[in-house]
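Comments concern the structure below.
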Amino acid sequence: MAITNRTGVAAALLPIILNPTRTNALQASFSYLPIATAAVGVPAGLQARIHNYDVAVIGLGAFGSSALYHIARSGLKVIGIERHRPVGHALGSSHGASRIIRLAYFEGLQYGPLLKRSLRLFLELQDELMEQPLAHGKQAPTASPAPLFQRTGMLDVGSVFERALESARAHGLQHEILTGPELTRRFPAYRVPEHWRALYQPDGGVLAPERIVQAHVTLAQRLGAEVVVGETVTSWHTEGDSNDSPVTLTTVPTSDVVAGEAGSGGGGRTITAGAVVMAPGPWIGQLVPELRDLCVPERQVVGWFDIEASARRDFTPERFPVFVLEESPGGTAYYGFPEHGELPGFKIGLYHHLRQDIRDPAALDAVQRTADAADEAALRAGVASYFPAAARGRLLSSSACFFTNTPDGHFLVDRHPLHPQVILCSACSGHGFKMSSGIGQLIAR
């Protein structure tokens with residue numbers, strides 16, 4: 001039941017989305033639970049304003065903002081709805097100043113074409129931002145905005161090496177194989193065991209997530225898209241049983257939802273669209289309860305650690321590639337970034353951090369956003385083990401976001417089994433931002 005499109009591109013690029021086993025599991029999840037369409041119509045007291053669109057996009061994070069942009073480029077009448085404000089906020093999964101993009105993908109060979117396409121689209125987005133049209137269609141000379149992508153190279157270290165190497169070879173990527181001592185000599189900030197090996201791939205680097213999300217939304221608006229922020233979709237239903245029946249959404253102010261007063265006041269709206277893209281990230285379980293056991297949010301924390309003054313230059317983008325470092329197959333794995341941008345320090349994360357799953361969708365808005373002693377200790381263990389020049393550094397800042405994990409760690413991008421005019425576009429299992437530009441384009445097609 002993999003997502004398809006008229007051109008067949010998705011079928012070629014996205015065999016990863018659902019294999020037959022996953023499709024059966026998804027369909028089974030809908031076979032014994034009532035579909036999430038019970039709240040039909042406008043809640044009592046809601047001052048609804050009815051609007052009609054070709055497409056509505058719910059959620060304007062990584063996937064949703066990209067889909068909105070590419071749908072707007074196609075000429076369709078589209079609206080994007082984001083529950084929090086502003087666009088690019090720090091309450092979901094698409095913030096934290098930086099995301100890794102890497103092409104030698106140890107998670108699976110099937111991702112390779114989508115990664116190449118996504119990097120190209122990010123670069124095209126960056127070029128588009130540098131063009132500032134005047135009223136008469138001429139180009140205005142302006143200062144160049146900060147780049148959306150910074151190339152640093154990518155290191156796959158430890159037990160991910162073999163799978164990353166396989167991917168690099170399969171997709172014809174330039175790469176080098178480094179031993180532990182060679183890695184340390186070339187990139188002095190690193191200290192890894194001598195018997196470890198690493199793959200260096202020069203095309204990897206850092207993406208700017210908040211600015212990419214904002215760029216997608218702003219450019220979509222220039223193309224005619226409408227955007228609503230600070231409103232939550234509380235219910236949806238189809239206007240009939242056919243596969244092309246329009247879909248009706250009801251929204252209320254998010255402040256009412258957080259206060260437990262959804263539907264009690266005014267300010268919401270009713271939206272009808274020919275198709276809906278549901279990309280609400282960790283909130284997918286609120287809109288589609290049948291997915292709560294297949295798309296499980298998890299609290300994820302990253303931290304920025306101070307660096308010894310004498311070693312600071314070893315942590316610059318020119319001397320410090322982004323990395324994934326796994327100690328043993330399926331074991332402890334860290335990822336990190338050079339010191340760059342406005343936030344000082346060396347940024348590191350631990351995959352699946354403290355394994356804090358959030359099974360109750362109502363608890364998402366109350367999740368702990370600051371790092372405590374346990375969070376810092378988990379991150380500092382990686383710093384102390386492999387980056388000695390930052391081992392004694394203070395934790396300068398931290399950020400909490402969400403992974404939304406599927407059982408097999410891949411994405412969920414598919415048509416709703418009962419309502420194919422509704423595309424489900426969550427979750428990305430903690431590794432989707434780098435492919436968001438490509439996913440959005442494929443959804444639009």
task: All but one of (1) within 30 Å of Asn52 (Cα to Cα); (2) assigned to a loop (DSSP other than H, G, I, E, B) hold for Gly274, so report the exception by its number.
output: (2)
message: Restricting to the range 97-115, name every residue that is open to solvent by less than 20 Å² (accessible area, probe 1.4 Å) and touching an Asp or Glu at 6+ places or on another chain (Cβ under 8 Å).
response: Arg102, Leu103, Ala104
task: For Arg185, state whether it is open to solvent by 10 Å² or more (accessible area, probe 1.4 Å), assigned to a helix (DSSP H, G or I), closer than 20 Å to Gln110 by Cα and basic (Lys, Arg).
output: no
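Do we have Arg163 as in a helix (DSSP H, G or I), open to solvent by 20 Å² or more (accessible area, probe 1.4 Å) and modelled with pLDDT of 95 or more here? First the steps, then the outcome.
Working: in a helix (DSSP H, G or I): yes; open to solvent by 20 Å² or more (accessible area, probe 1.4 Å): yes; modelled with pLDDT of 95 or more: yes.
Spelling it out, Arg163 is indeed in a helix (DSSP H, G or I), open to solvent by 20 Å² or more (accessible area, probe 1.4 Å) and modelled with pLDDT of 95 or more.
How many of the residues in the range 407-445 are charged (D, E, K, R) and outside any loop (DSSP other than H, G, I, E, B)? Write out each step before concluding.
Applying the first criterion (charged (D, E, K, R)) to the range 407-445 yields 408, 414-415, 434, 445.
Next, from what is left, pick out any that are outside any loop (DSSP other than H, G, I, E, B): 414-415, 434.
Residues that pass the stated criteria total 3.
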task: Working carefully through the options Ser118, Ser93, Ser74, find the one that is polar (S, T, N, Q) and surrounded by fewer than 24 Cβ atoms within 10 Å (Cβ to Cβ).
output: Ser74
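Please find, within the range 347-392, the residue that is surrounded by the most Cβ atoms within 10 Å (Cβ to Cβ) out of those that are polar (S, T, N, Q) and either closer than 21 Å to Pro193 by Cα or touching a residue at least 60 places away in the same chain (Cβ under 8 Å) (or both). Please lay out each step first, then the result.
Of the residues in the range 347-392, the ones polar (S, T, N, Q) are 356, 368, 370, 385.
Still in the running and either closer than 21 Å to Pro193 by Cα or touching a residue at least 60 places away in the same chain (Cβ under 8 Å) (or both): 368, 385.
Details: Gln368: 11, Ser385: 16.
It comes out as Ser385.
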query: Limited to the range 269-282, what total is found for residues that are surrounded by fewer than 24 Cβ atoms within 10 Å (Cβ to Cβ) and either under 17 Å from Pro407 (Cα atoms) or in contact with a Pro (Cβ under 6 Å, 6 or more places away or on another chain) (or both)?
result: 2
message: Please go through the range 220-242 and give me each residue that is charged (D, E, K, R) and open to solvent by less than 50 Å² (accessible area, probe 1.4 Å), ordered by number.
response: Glu231
message: Taking the criterion of being among the aliphatic types (A, V, I, L, M) and at pLDDT 95 or above, would at least one residue in the range 253-270 satisfy it?
response: no
- prompt: Inside the range 307-320, can you point out the residues that are crowded, with 17+ Cβ neighbours inside 10 Å and either among the hydroxyl-bearing types (Ser, Thr, Tyr) or over 11 Å from Pro188 (Cα atoms) (or both)?
  reply: Ile307, Pro317
- line: Within the range 189-219, the residues that are open to solvent by less than 40 Å² (accessible area, probe 1.4 Å), over 18 Å from the mean Cα position of the chain (by Cα) and over 15 Å from Leu119 (Cβ atoms) are Ala189, Tyr190, Val192, Trp196, Ala198, Leu199, Tyr200, Leu219
- prompt: Taking the stated definitions as given, is Val217 within 30 Å of Val324 (Cβ to Cβ), of a type in the set (Val, Ile, Thr) and in contact with a helix residue (DSSP H, G or I) (Cβ under 8 Å, 6 or more places away or on another chain)?
  reply: yes
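The values are calculated or read from the model by the stated rules, or taken from the named source; none is laboratory data. Here the structure is a predicted model, which means the values were calculated and not measured. Positions of Cβ are backbone-derived with ideal geometry, glycine not excepted, and every protein chain shown enters the neighbour counts. Calculation scope for accessible area: heavy atoms of the full protein, side chains included, ligands and nucleic acids excluded. Shrake-Rupley method; radii C 1.70, N 1.55, O 1.52, S 1.80 Å.
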